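S.K.: Below is a structure I'd like to ask you about.
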Amino acid sequence: MPANRSRTDRWKDSLHRIYERGGGLEFAIKHDKQDDGVKDLVWRVKLLHLTDKEMVIEHPGAMGQAFRIDDGIELVGMMSVGQNRWMFNTVVLGKTENETRHGSFPALRIKMPEKVVRCMRRNVDRTSIAHLDLPSVECWKLIEPLSAVPIEVANRVQIEELHRTGGTANASSDPMALPSVGPKFEARLANLGGGGVGLIIPQEYRSEIDSGKVFWVRMDLRPAIPAPLVMTTKLAHSHIDSAQNTIAGMAFEFGYNNQHKGFVVQQISKYLGSLQGQRKAA
């Protein structure tokens, strides 16, 4: 039996190994393919507990704030072991608390999947059970972090006004709307964690991510967030995947503009809420 087929058949063994080493899984809200233009927001959380019928995972959130995830929402789960990756369907069973020596923290109970499907290495976000469309992210090396503060303030005012009026902005690449930055490079949003984001950076831009530590990013989640959302990030770690792309872990950096933190978390929470609303309507 080929090795990849054997690992797929024994996926529960891999799941238990992830749990035993304190690893995590990735999840996205499942939606219908006909939802044209809807971008999938993937979050990465720790696997806390396993039984034959369900899993307990960290409640998704950012910067200490939990996002609303409704009972009964269908999810697409992703499990990675080395360079191998699988997807599965599951559903939120309910909320619970994870008890630790430092206190209790919100967690989610989700159904144990019946099967998993292996992702192809050259197309890791497409399988027979789900097609994920990851948001695009524009990135720049931030030369002068303080120069980003007035742009972030303007971004907040713009988005709040568009929410109020029901409008949607056109993405702008006008250099006058940028802080003091280097050349632009493109990425995709791989996942969202509690303290930052994971980016997939094509191999042609590898030198850009190696050249600096603080970056300014613009993330497009329209139309639910009516204008691209901007923020300052700091490179925490990176590695090269099997397709020679750079997977970069970028920590949120709100030290220069702490007021922007609550706004960013609020917008991401709104986006996840909009995905659940679409799913319920479907």
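S.K.: Considering each residue of segment 68-96, count those that are at pLDDT below 90 and within 20 Å of Ser269 (Cβ to Cβ), and give that number.
M.R.: So the answer is 1.
S.K.: Taking segment 231-251 as the region of interest, how many residues are surrounded by 22 or more Cβ atoms within 10 Å (Cβ to Cβ) and either within 15 Å of the chain's Cα centre (by Cα) or in the same structural domain as Gly61 (by TED's automatic domain parsing) (or both)?
M.R.: 4
S.K.: Let me ask you something else. Give segment 30-59 a look and list any residue that's within 16 Å of Ala107 (Cβ to Cβ) and either among the acidic types (Asp, Glu) or modelled with pLDDT under 90 (or both), or say none.
M.R.: Those that are within 16 Å of Ala107 (Cβ to Cβ) and either among the acidic types (Asp, Glu) or modelled with pLDDT under 90 (or both): Glu54, Glu58.
S.K.: Is at least one residue of segment 158-168 closer than 28 Å to Val116 by Cα, surrounded by fewer than 18 Cβ atoms within 10 Å (Cβ to Cβ) and either in contact (Cβ under 8 Å) with a residue 24 or more places away in the chain or in contact with a Leu (Cβ under 9 Å, 6 or more places away or on another chain) (or both)?
M.R.: The answer is no; no qualifying residue exists.
S.K.: In the set Leu132, Leu50, Leu75, which member is crowded, with 16+ Cβ neighbours inside 10 Å and more than 27 Å from Leu199 (Cβ to Cβ)?
M.R.: From the options Leu132, Leu50, Leu75, the qualifying one is Leu50.
S.K.: Another question, then. Could you grab me the full set of residues in segment 193-230 that are among the aromatic types (Phe, Trp, Tyr) and buried (at least 21 other Cβ atoms within 10 Å of the Cβ)?
M.R.: Filtering segment 193-230 down to residues among the aromatic types (Phe, Trp, Tyr) leaves 205, 215-216.
Within segment 193-230, Phe215, Trp216 qualify.
S.K.: Need the failing condition index for His102 against (1) more than 21 Å from the chain's Cα centre (by Cα); (2) at pLDDT 95 or above, just the number.
M.R.: So the condition that His102 fails would be (2).
S.K.: With respect to Glu74, is the statement that it is touching a Ser or Thr at 6+ places or on another chain (Cβ under 8 Å) and not hydrophobic (A, V, I, L, M, F, W, C) true? Spell out how you get there, then give the answer.
M.R.: Details: touching a Ser or Thr at 6+ places or on another chain (Cβ under 8 Å): yes; not hydrophobic (A, V, I, L, M, F, W, C): yes.
Here the answer is yes, as Glu74 does meet what is asked.
The values are calculated or read from the model by the stated rules, or taken from the named source; none is laboratory data. Quantities reported herein were computed from a predicted structural model and do not represent experimental measurements. With ideal geometry, Cβ positions are generated from the backbone for all residues, glycine too; neighbour counts draw on all protein chains shown.
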